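Working notes, structure below.
A short reminder: the numbers here are calculations on the coordinates, not readings from a lab. All values derive from a computational prediction rather than experimental measurement. Here the Cβ positions follow ideal geometry from the backbone for every residue, glycine too, while neighbour counts run over all protein chains shown.
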Amino acid sequence: MSGESSTQDFIQRWHNASGSERANYQLFLTELCALLEVDRPDPASLDTEENAYVFERKVSFRHPDGSTSNGFIDLYRRGSFVCEAKQTNLELDSKGWDNAMLRAHAQAQQYARALPAGEGRPPFVILVDVGRNIEIYAEFTRSGATYVPYPDPRSHRIRLEDLHRPEVQDTLRAIWNDPLSLDPARRSARVTREIAGQLASLAKSLEAAGHGADAVAAFLMRCLFTMFAEDVGLLPERSFTGLLEEVRKQPELFTRLTPGLWQAMNHGGFSAELRSDVLRFNGGLFADPTALPLDKHQLDLLLAAARADWRHVEPSIFGTLLERALDPRERHQLGAHYTPRAYVERLVLPTVIEPLREEWAIAQATALKHDRDGKRDKALAELHAFHRRLCSVRVLDPACGSGNFLYVTLEHLKRLEGEVLNALDALGDTQGVLEMAGITVDPHQMLGLETNPRAARIAEAVLWIGYLQWHFRTRGSVNPPEPVLKDFHNIECRDAVLDWDKIELVTDEHGKPVTRWDGHTMKPHPVTGEQVPDESATRTVEQYLNPRKAEWPETDFVIGNPPFIGASRMRTAFGDGYVEALRQTYPDVPESADYVMYWWHKAANLARAGSIRRFGLITTNSLRQTFNRRVVKLHLDHKQPLSLVFAIPDHPWVDAADGAAVRIAMTVGTGGEHPGKLLQVQAEREGDGEGKDVQLSTQPGKLHADLSIGADVTSAVNLRACEGISSPGVKLHGAGFIVTPDEAAELGLGRIPGLERHIRQYRNGRDLTKTPRGVLVIDLFGLEAEDIRRHYPEAYQWVSERIKPDRDAKAHTKDGAGYAKYWWLFGKPRQELRRALTGLRRYIATVETSKHRFFVFLDIDILPDNKLINITVEDAVILGALSSRLHVAWSFATGSNLGAGNDPVYVKTRCFETFPFPETTEAQTTRIRSLAEQLDTHRKHQQDQHPDLTLTGMYNVLEKLRRGESLTPKEKTIHEQGLVSVLAELHDELDRAVLDAYGWGDLASALVGKPGGTTPYPDKPAEQAEAEEELLARLVALNAERAAEEARGHIRWLRPEFQNPEGTRAEQGEMAAEEMPVAAAAQKKPAWPKKLPEQVQALRSSLLAAPAPLTSTQVARHFNRAQTRKVEELLETLVALGQVQRTKEGLYSFGG
């Protein structure tokens, strides 16, 4: 650490510095680095990307009109901070000085957001008034949100004299060298885990002594809040810890002393146990003062928890860990991962905080204009009005769990409130009066719905712990008003999507409850030894009387993370009665949609109706899959539309229930037509704490139902030309149908005539991507059970023993009854596919979910599995078009993603049936057909020569070659065995041929031979990205053109002899109204608002939408009856706050 004399020398040297910012700031910052004993900035390079720690780092701003301009960061350290330096020579804390620092803050944020996506945004912004003041702002999500005062609005300013304090130098040093170590969530995670572990051990011990889990949880909740209270100063120092130490030798005294303390805390007044007065806590937590008896070992466990520093508990994760600690069923998950705070903030900020900050920016500007006009009273009134609105904002989490989303939201609201109170203070208002009078942001604004009573109680405690932590952090030792806790009843324990009068058991004709297999208990089959359903493990069948949509409390914002339960798991999770009642109540939600989509649908309805301002929900990344996407599209296309204003289609996540790593999507919706922001993950790496560190890119524009910006592929319609010739393969509903060649021989294959038609070759996705398993499948389609028993008795017994028990166990379900009746048949035998395959010698197949998108020919004697999507065409020209990067790009855009590997999913209704195939000349047809045959033959020949060679391996190597990456020894072997360079040439020539067939050869140079031909490649060069976007736009337009042709009766059948055997022309439909020429409506200028806040908002919106910087006259002309002079005055007010930037030429642009 720097010596005191060095610090004093530094302060003395710079104390009276004057002169210009340019003359002094580099020297000041260089000497500050020396004082802090951190590296000095490096010399700058001509290559901007090399400038990781330099003065005057260049950044480029891209304007909506396509032009760019440059800016220069005063001091930049990659991954650490952006530093903006000023030398104001203004009186500290004066209004002029405050405005100068606000402008610097806005400018620094602009620089941070202009940095290349590959570098990531730094967590800190530093503002320096040379020789006098340093201000610290942080944004630990690094996703482009507002940088807020760090550590809070009361202590983010460092005066030069404060450098005497060692902790100040330590903080600055960490910002330089290890900035993420200052993230409160990371710093508090260790102590939070330790405390939760101690409480879990105590809970386990108490349950083993015979106490019920609920009683143990309630007791420990009282204990933990008492420990927190003494550490933050709400109780006398070490009072509860001292009591525990006193009774350690006589544990029986614990149950005699502790209830008295808790009674005193409930009512307030003198506590004989502590020999002092205590505050009145109330809030319901201490209404029951029961203390469970503890032995010496249990007291030691409680003492260990009490000796921890509860001031540093991180509420955003404490709830999750405490829930695991107190729930016997979840305690084994205590060491598992939890959802990182940064992930939660990534949704909280755009959903709740950014719209409120927009409102705050308008209030600031309005107040400043009033103050400049000499109307201090109106300025104060404007700030007070915003503060009252802020204190009345209500936020609902309809699946709140243990409250982490609500707590993070509450903390950010308190941060914003701190800025408001500082602004009031600067105008001479007394901020303490407001809080003491009860006008403050507090937990009553955070509303929750939760079905788990224990989690609901934890959520309330988490909110109060977080609120009180913030109180003492910003107000020092001043106690909050009594009662310390208030029982607002803001966390309700009930279902969020379904309500009902009562639940009854379904009974049979004798009045006995109907039971069904419980859906998961298995037992070994007495003959085969395989696991089959245990029919003795049952649960009762329930019915919900008068089911209806659950009502949500009145709120402004909705945010949360509803359960990750897919449609196929809902009956097992909730029972048939609940699922049937839910689906009956929400007919607009497809039955195949995930459970979370009921929350999404309900929130979207509220947003469209204007009942809430915004909602932000976590879903799995399957949101883009067909059935889930239908819910989104329903609302986006409504005549009273919803807009997505923020989306991350695919993001890593940690499931709070079990700590598992999953992939999710984040969406934020609001009513009306609004532009949005698409954030996409560019890179992920393992972080120092929980979860992964994620680099995100941002793209503005109109967000579509598939969470994309650009070509609206969701507008593509299914084409009749493609109908009826694509299908998934058979779905067995029982692994007992699969046999090895030896087992097939024992069943009579090769011995019993005709059995060869019913024991067939079988391929699934892994057989295509890896190496074939060599298995066969018993396919009894077209036969009755009696026929099978008569002609093929061995096969009959095999299937009867391995398939029938499971089918019988599920016979009570809607689908299960049919499966049980025809137990010898596949669950989905695909009659339509079989009909379409008739007469073919081969067909095209692709793996539904696969890292690489490729298509192959399969012989007609091979039966495809459900995970293969099959195109019943044998002409190689179709294989060629499907194998081209044009169709692959279309499939990535129209399909979805799934699994931990986030692999693309080929959704046939969206990827194939909407695809407009090219209209080719005879020569083009011949060329594409030849290349496709060569491609299919080449891959199969190389795999025949090398049985361990896989298509995945070959395409992995092909992608690495295209990316210019070095091959490992194993990959070099694959390259030689697969002749991958030949494979690359075939694909390149095929891509060119297909592009030429469309007449789009102009795109070839930017696409052919580039990475991402078979697998998604997010980090592509700008030229390639623009070409792919243009390609998609052309395909969307061609889809619309073909749909219009089909409406007029002209259909370009892909397989006319099957799809249209009569050769008839489709009936011509009436021309759609949208095809008629319509005169463009004249664009009317908006009227200039009458009220000042609305005028500020209008100017901000006008500049935000402007394609280039404007003069004040040009801005005024955007409105009817706007006076240029008044517009210019308001623009200058916005400039003073840093919300608008003004060039030397007098041009104005939006600044943030």
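Once you list every other residue whose beta carbon is under 12 Å from the beta carbon of L783, what net charge do they have if Lys and Arg are +1 and Asp and Glu are -1? Show your work: numbers first, answer last.
Values: positive: R757, R789, R790; negative: D779, E784, E786, D787.
So the environment of L783 carries a net charge of -1.
Of S276, T440, L1137, which is farthest on the positive side of the dipole of the chain, counting Cα position, with +1 on Lys and Arg Cβ, -1 on Asp and Glu Cβ, and the Cα centre as origin?
Looking along the dipole axis, the top candidate is L1137.
Compute the acute angle (0 to 90°) between the alpha-carbon long axis of helix 626-636 and the principal axis of greatest extent of the alpha-carbon atoms of the chain; round to the nearest 10°.
Compared with the principal axis, the helix lies near 50 degrees.
Starting from the Cα of A1004, step 7 Å along the direction of its Cβ; do the same at S45; then give the gap between the two resulting points in nm.
Output for this residue pair reads 3.7 nm.
Determine the alpha carbon to alpha carbon distance for each of K1090/K1144; K523/K770; K86/K1144; K512/K814; K375/K1085; K602/K867 and list only those over 28 Å.
Too far apart for the 28 Å limit: K1090/K1144; K523/K770; K375/K1085; K602/K867.
Given H placed on each backbone N at 1.01 Å, which residues far from V278 in sequence or on other chains put an amide H within less than 5 Å of it?
For V278, whose amide H was placed from the backbone, the distant partners under 5 Å are G269, F270, S271.
Among the GluC sites (Glu not before Pro) in segment 719-827, which ones are in a DSSP loop with at most 16 other Cβ atoms within 10 Å of the Cβ? Mind listing them?
Working: sites: E723, E743, E746, E756, E784, E786, E794, E801; in loops: E723, E784.
Here the sparse-neighbourhood loop sites are E723, E784.
Before rounding to the nearest 500, sum -39500 (n - 2.57) across all DSSP H runs of length at least 4 in the chain and divide by the residue total; then give [θ] at 222 nm in deg cm²/dmol.
Values: 40 runs with 486 residues, N = 1152.
Helix-only estimate at 222 nm: -13000 deg cm²/dmol.
I need the phi-derived Karplus couplings for segment 826-836: 6.51 cos²θ - 1.76 cosθ + 1.60, θ = phi - 60°, integer Hz, Gly and Pro marked x.
Going residue by residue, I get 4, x, 10, x, 6, 4, 5, 5, 4, 5, 6 Hz, with x marking Gly and Pro.
Take the alpha-carbon positions of segment 26-148, form their convex hull, and give its projected area averaged over all directions (one quarter of the hull surface) in nm².
Values: hull surface 33.7 nm².
Orientation-averaged projected area of the Cα hull: 8.4 nm².
List the pairs from K369/K1126; K633/K828; K972/K1010; K95/K378 whose alpha-carbon separation is above 22 Å, in the order I gave them. Each step should come with its number before you reach the end.
Values: K369/K1126 11 Å; K633/K828 29 Å; K972/K1010 20 Å; K95/K378 16 Å.
Beyond 22 Å between Cα atoms: K633/K828.
So, R0 is 35 Å and r is the distance between the beta-carbons of D875 and Q831; what FRET efficiency does that work out to, to 0.05?
On the way: r = 24 Å, r/R0 = 0.68.
The calculated FRET efficiency here is 0.90.
Taking the Cα centre of segment 730-829 as the origin, how large is its charge dipole in debye, to the nearest 20, when only Lys and Arg (+1) and Asp and Glu (-1) carry charge on their Cβ atoms?
440
Rounded to the nearest 5, what is the percent of antiparallel bridges among the DSSP beta bridges in segment 4-182?
Here the antiparallel bridges make up roughly 80 percent for segment 4-182.
By how many degrees, 0 to 90 and rounded to 10, does the Cα axis of helix 95-114 deviate from the longest principal axis of the chain?
20
Would you mind pulling out the separation of the Cα centroids of segment 390-424 and segment 111-159, in Å?
Each part reduced to its Cα centre gives a spacing of 21 Å.
Taking Cα atoms, how many degrees apart are the long axis of helix 951-963 and the longest axis of the chain, rounded to 10 and kept between 0 and 90?
50
Above 29 Å lies some portion of the pair distances; for segment 83-238, what is it as a whole percent of all C-alpha pairs?
41
What residues of segment 783-826 lie in the reach of a label at E509, counting those whose backbone N is under 19 Å from a point 7 Å from the Cα along Cα→Cβ?
Only 812 fall inside the zone, counting backbone N under 19 Å.
Could you work out how far the C-alpha centroid of segment 1088-1152 sits from that of segment 939-962, in angstrom?
Here the two parts' Cα centres lie 60 Å apart.
Only Lys, Arg, Asp and Glu count, each charged at its Cβ (+1, +1, -1, -1), so figure out the dipole size of the chain about its Cα centre, rounded to 20 debye. All intermediate terms of the calculation are to be shown ahead of the outcome.
Details: 139 positive and 159 negative charges, 265 e Å.
Dipole of the chain, to the nearest 20 debye: 1280 debye.
If amide hydrogens are placed 1.01 Å from N in the peptide plane, which non-local residues have theirs closer than 5 Å to the one on R663?
Placed amide hydrogens put N621 under 5 Å from R663.
Using only Cα atoms, what Kirkwood radius does segment 187-333 have, in angstroms?
One decimal place: 15.3 Å for the Kirkwood radius.
Just to confirm a number: summing +1 for Lys and Arg and -1 for Asp and Glu over residues other than E1128 whose beta-carbon lies under 14 angstrom from that of E1128, what do you get?
+4
Could you work out the Rg to Rh ratio of the chain, with Rh taken as the Kirkwood radius (inverse of the mean 1/r over all Cα pairs)?
Here Rg/Rh amounts to 1.00.
Could you check the spin-label model distance between V982 and T771? Points 7 Å from the Cα along Cα→Cβ, value in nm.
So the label points at V982 and T771 sit 2.1 nm apart.
With the crude spin-label approximation of a point 7 Å out along Cα→Cβ, what separation in nm comes out for D9 versus D518?
With each label placed 7 Å out from Cα toward Cβ, I get 7.6 nm.
Normalise the Cα radius of gyration of segment 341-492 by 2.2 N^0.38 Å (N = residues in it) and let me know the number. Don't skip to the answer; put the middle values down first.
On the way: Rg = 16.4 Å, N = 152, 2.2 N^0.38 = 14.8 Å.
Dividing the Cα Rg of segment 341-492 by 2.2 N^0.38 Å gives 1.11.
Within segment 489-551, which GluC sites (Glu not before Pro) sit in a loop by DSSP and count at most 12 neighbouring Cβ atoms inside 10 Å?
Values: sites: E492, E504, E509, E530, E535, E542, E551; in loops: E509, E530, E535, E551.
Listed in order of number, the matching sites are E509, E551.
Using the Cα centre of the chain as origin and beta-carbon charges of +1 (Lys, Arg) and -1 (Asp, Glu), tell me which of V462, T813, S1112 is placed farthest towards the positive end of the dipole.
Working it through, the farthest residue towards the positive pole turns out to be S1112.
Using the Kirkwood formula over every pair of different C-alpha atoms, what hydrodynamic radius in Å results for segment 160-250?
After inverting the pairwise mean of 1/r, the radius is 16.5 Å.
Give the long-range amide H neighbours of D397: residues separated by 5 or more places, or on another chain, with amide H under 5 Å away, using H modelled in the peptide plane at 1.01 Å from N.
L447, G448, L449, I559
If you take every DSSP beta bridge whose two residues both sit in the chain, what share of them, in percent to the nearest 5, is antiparallel?
Numbers: 91 of 115 bridges.
In the chain, DSSP labels about 80 percent of beta bridges as antiparallel.
Shape call for segment 1092-1150 from the C-alpha gyration tensor, a ≥ b ≥ c root eigenvalues: rounded (a/c under 1.5), prolate (a/b greater than b/c) or oblate? Intermediate results must be reported in sequence, preceding the final value.
Details: a/c = 1.33, a/b = 1.18, b/c = 1.13.
Taking the square roots of the gyration eigenvalues as a ≥ b ≥ c, segment 1092-1150 is rounded.
Taking the Cβ of A609 as the centre, find all other residues whose Cβ is under 14 Å away and add up their charges (Lys, Arg: +1; Asp, Glu: -1).
Here the count lands on +3.
Classify segment 410-514: rounded, prolate or oblate, from the alpha-carbon gyration tensor (a ≥ b ≥ c, eigenvalue square roots; a/c under 1.5 rounded; otherwise prolate if a/b is larger than b/c)?
prolate
Kindly write out, for segment 393-407 in residue order, the coupling ³J(HN,Hα) from the Karplus curve 6.51 cos²θ - 1.76 cosθ + 1.60 (θ = phi - 60°), rounded to whole Hz, with x marking Gly and Pro.
4, 10, 10, 10, 10, x, 8, 6, x, 9, x, 5, 5, 5, 5
To the nearest 0.05, how large is the calculated FRET efficiency for E591 and E31 if R₀ is 56 Å and r is the Cβ-Cβ distance?
0.25
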